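Heads up, the thing below is written out as structure tokens.
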């Protein structure tokens, strides 16, 4: 069977593989939505800030970043004047000047953050993040509108600030909200805005731009038309110069694979256990959120069942139960798929297990290794 991942080109495992063709396909799809809706579309880089991936975002308008390091990275990767939009719950005072020179738009997360830096504003366009207090996510770890949320300003505080400070709109031009995570239902977005316009009413019409956030999977939605209808409403009823949306995971999730090898096989309590040369510490959300990542070739109808376990000393270093057509052997390759977002950025070296090599997959040239991690880097990191 043809190997679409060019596994034979891997120097070793574990290895992250990022399919640049898939990234480009998603970016092209979003550029079509941009053209149809006349929206500005940014890539939110936090799921995967890999240099080569950033270079594939040429068809989009720019990037959304949350730190000075992210801002500088996208500037280095894309030297063609793409916009950089910044928002973060934490801005260090000694980084303000560096951030200000690296971004075009900056959204304040709180009124206190705005007040602290108000005297140091430059020529960027500034916005404020609002908390619509409209919860869509049951898991509080993901929910930006959870109780006691640190993300955004409650609507009542926004209204009070506007009432008390007549010059507010001379300094704050935009409004930003983000309420969802990996949603396929655009009614969530329209309901969020409906709640926002009810609460803010005429105050909303005084902003020059609006950022609708991210957290939506455009190609898997059955009601994408609701997105277009919302944009039409914003254009018809408000004076926004720009309508912005900033997807992240949608662009990179399906592009990522983690290739591992079986390094031990044994039975425990009647179950086959395959120990891999990778670990959940390379896919930390598997352990944090207790989900089983997809594995290529896994099918419930297959007869060869294995518990796939990582090679660290953590008892819970387990990926899940999977079934394969053929029996696994020492050296068999196991490929986790759809792990392009929030894996590389969170991977760590617990137990001294090295980080995976990083490869990019090109349609014409196969795999190219773009990064490997060494013993010297590990020792140096810990002060050696």
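We did not get these values from a lab; they are worked out from the coordinates using the rules stated. Nothing here was measured: the structure is a model prediction, and the numbers come from that model. Here Cβ is always computed from backbone atoms with ideal geometry, including for glycine, and neighbour counts include all displayed protein chains.
What order do you get for 17, 273, 244 when you list them from fewest to most C-beta neighbours inside 10 Å?
273, 244, 17
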Taking every pair of alpha-carbon atoms in the range 38-247, what share in percent sits in each 5 Å bin, from 0 to the bin with the longest distance? 1, 7, 15, 20, 21, 18, 12, 5, 1, 0
What are the semi-axes of the equivalent ellipsoid of the chain, taken as the square roots of 5 times the eigenvalues of the Cα gyration tensor, listed largest first and rounded to whole Å? 41, 22, 20
From the Cα gyration tensor of the range 244-285, with a ≥ b ≥ c the square roots of its eigenvalues, which class applies: rounded if a/c is under 1.5, or else prolate if a/b is larger than b/c, or else oblate? prolate
Please work out the Kirkwood hydrodynamic radius for the range 277-357, using every pair of different C-alpha atoms, and report it in angstroms with one decimal place. 13.3 Å
Residues 382, 51, sorted so that the one with the fewest Cβ neighbours within 10 Å comes first: 382, 51
Three-way shape call for the range 74-184 based on the alpha-carbon gyration tensor, with the a/c threshold at 1.5: oblate
Using a Förster distance of 45 Å, the FRET efficiency for residue 273-residue 223 (Cβ separation, nearest 0.05): 0.55
For the chain, with a Gaussian network of springs between Cα atoms less than 10 Å apart, report the residue from 318, 65, 45 with the top mean-square fluctuation. 318
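Counting other beta carbons within 10 Å of each residue's own, what order do 343, 59 fall into, fewest first? Before the final figure, lay out the partial values.
Numbers: 343 25, 59 15.
Listed from fewest to most nearby Cβ atoms, that is 59, 343.
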Net length gained if the chain between residue 325 and residue 35 were fully extended (0.36 nm per residue, minus Cα distance): 99.9 nm
Per residue, how big is the convex hull of the range 243-378 when only Cα atoms are used? Give it in Å³. 162 Å³
When the Cα centres of the range 85-103 and the range 243-296 are compared, how far apart do they sit, in Å? 33 Å
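How many percent of DSSP beta bridges within the range 245-369 run antiparallel, rounded to 5?
Counting only bridges with both partners in the range 245-369, antiparallel ones make up about 90 percent.
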Over the chain: helical MRE at 222 nm, DSSP H runs n ≥ 4 each giving -39500 (n - 2.57), nearest 500: -7500 deg cm²/dmol
Of all DSSP beta bridges in the chain, antiparallel share, percent nearest 5: 45 percent
Which of 357, 236, 298 ends up with the largest GNM mean-square fluctuation for the chain, with Cα atoms connected below 10 Å? 236
Rounded to the nearest 10 degrees, the helix 20-37 long axis (Cα) sits at an angle to the longest Cα principal axis of the chain of 20 degrees
Angle in degrees between helix 225-237 and the longest Cα principal axis of the chain, rounded to the nearest 10: 20 degrees
Which of these, 239, 94, 61, has the largest mean-square fluctuation under a Gaussian network model of the chain (Cα springs below 10 Å)? 94
